[in-house]
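See below for the structure under consideration.
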Amino acid sequence: MTSRIELEEQYCAHNYHPLPVVLNRGEGVYVWDDEGNKYLDMMSAYSAVSHGHCNPRLVKIVREQAGRLNIVSRAFHSDKLGPFLKRACELTGQDMALPMNTGSEAVETALKAARKWAYQVKGVAPDQAEIIACSGNFHGRTIAIVAMSDEQQYQDGFGPFPGGFRIVEYGDAQALDDLITENTAAFLVEPIQGEGGIVMPPQGYLRACQEICRKHNVLLIADEIQTGLGRTGRLLACQHENVVPDGLILGKALGGGIMPVSMFLAKREVMSVFAPGDHGSTFGGNPLAAAIGLEALNILVEEELAATSAEMGERLLRQLRALDSPLIRDVRGRGLFVGIEIDPALGSAREICESLMSRGLLSKETHETVVRLAPPLIITREQIDWAVEQIATVLTEMDRLRMAS
């Protein structure tokens, strides 16, 4: 009989390199494979499963709403969208929101809003608007978004790319100030770069960027698709520096680990540039997604998951930094958004992830050198401690094998 992995290899495009495990069930912080083996999920689908797998409150909402009304398109109003967007705006300090599905769609929405704002409000000459992004950024994989990337693989074979994008060194506020021109519409930034390897800018960087953007009448747009909604120990990572951006991009955890839900939120001046027909999505803001998104936000607030993330993240970082292993080059992160950088001369992050899998812990490598740890925000002290024990054991075994070879 053909295995599930072989079926995927035969019929699915090879655009991912998954670990060799077939998952078929999840509950809370755990998942099980098709052979009944249990794993602690320390990835939570790149921060999408912050509430835990099959969260009972979210499953209840899905059952109720799916049996009532799911998709009607934005050609009509629904009873779910308004309350969802109101809650999101009030929690984030934004005025209006435009619902989409995937993170990439929300980023594209932000790019379109920034450009039209530049022409209609700032007075940039037609087709001259520029958007500044950061080195090492990851905002998605559409043609326009990879045009902003400086990662060669993301662009290789997919050109030509649209213009209007400039790259500035991440973490260097003065470089941003120097790069801005009269045509600059927006600065798009991740408060912490996730796909880049959990890369953290210097303290005060976001605050300085906000001041620079205000000085030059440039929109500060924060991509918090991964860092937002409690992941770093605050509802938004921007809040660590008391920054309220002009535009905010949310996704992943907004769908409660159940379906894709995303949105672009912004000040009224920015969002008002959209007129009927300018932008849209058949599925964006559908009643099922809105019901799930609202409950996901309510759970985050009512169960204080951001505070849990701060506490458990501090525990995780403290224990990881105490590990004495030559394979570890750096441990960095904030909240439950952590990366262990591995010295490539001594070991492989992929090999570490595969060894951890054999011990019942699921993680994934980033850029071959970083082991990413981003468990559901409901994780407990005991589960954190167990995870660090497995990591310590794997690193010790790898170092012993390296020394013996």
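The values are calculated or read from the model by the stated rules, or taken from the named source; none is laboratory data. Everything numeric in this text was worked out from a predicted model, so none of it was measured. Neighbour counts run over all protein chains shown; Cβ positions are idealised from the backbone, glycine included.
Here is how the numbers come out for the structure above:
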item: Residues of the stretch 107-122 satisfying the condition of being closer than 16 Å to residue 273 by Cβ and either among the β-branched types (Val, Ile, Thr) or within 19 Å of the chain's Cα centre (by Cα) (or both); result: 108, 109, 110, 111, 121
item: Among (1) outside any helix (DSSP H, G or I); (2) surrounded by fewer than 18 Cβ atoms within 10 Å (Cβ to Cβ) - the single one residue 97 does not satisfy; result: (2)
item: Strands (runs of 3 or more DSSP E) wholly inside the stretch 217-331 that include at least 1 residues being without any contact (Cβ under 8 Å) to a residue 40 or more places away in the chain; result: 219-223
item: Options 309, 355, 325; residue that is under 29 Å from residue 235 (Cβ atoms) and not hydrophobic (A, V, I, L, M, F, W, C); result: 309
item: Conditions (1) part of a helix (DSSP H, G or I); (2) more than 21 Å from residue 230 (Cβ to Cβ); number of the one not met by residue 365; result: (1)
item: The stretch 173-209: number of residues that are in a loop (DSSP other than H, G, I, E, B) and touching a strand residue (DSSP E or B) at 6+ places or on another chain (Cβ under 9 Å); result: 13
item: Pairs, first assigned to a loop (DSSP other than H, G, I, E, B) in the stretch 140-167, second among the small types (Gly, Ala, Ser), C-beta under 6 Å, six or more apart; result: 140/103; 140/104; 142/104; 148/133; 150/135; 161/147; 162/144; 162/147
item: Test: residue in the stretch 177-186 that is closer than 22 Å to residue 301 by Cβ and either crowded, with 24+ Cβ neighbours inside 10 Å or at pLDDT below 95 (or both); result: no
item: Options 64, 9; residue that is acidic (Asp, Glu), under 30 Å from residue 339 (Cβ atoms) and loosely packed, with under 14 Cβ neighbours inside 10 Å; result: 9
item: Given (1) among the β-branched types (Val, Ile, Thr); (2) farther than 18 Å from residue 176 by Cβ; (3) buried (at least 21 other Cβ atoms within 10 Å of the Cβ), number of the condition residue 221 does not satisfy; result: (2)
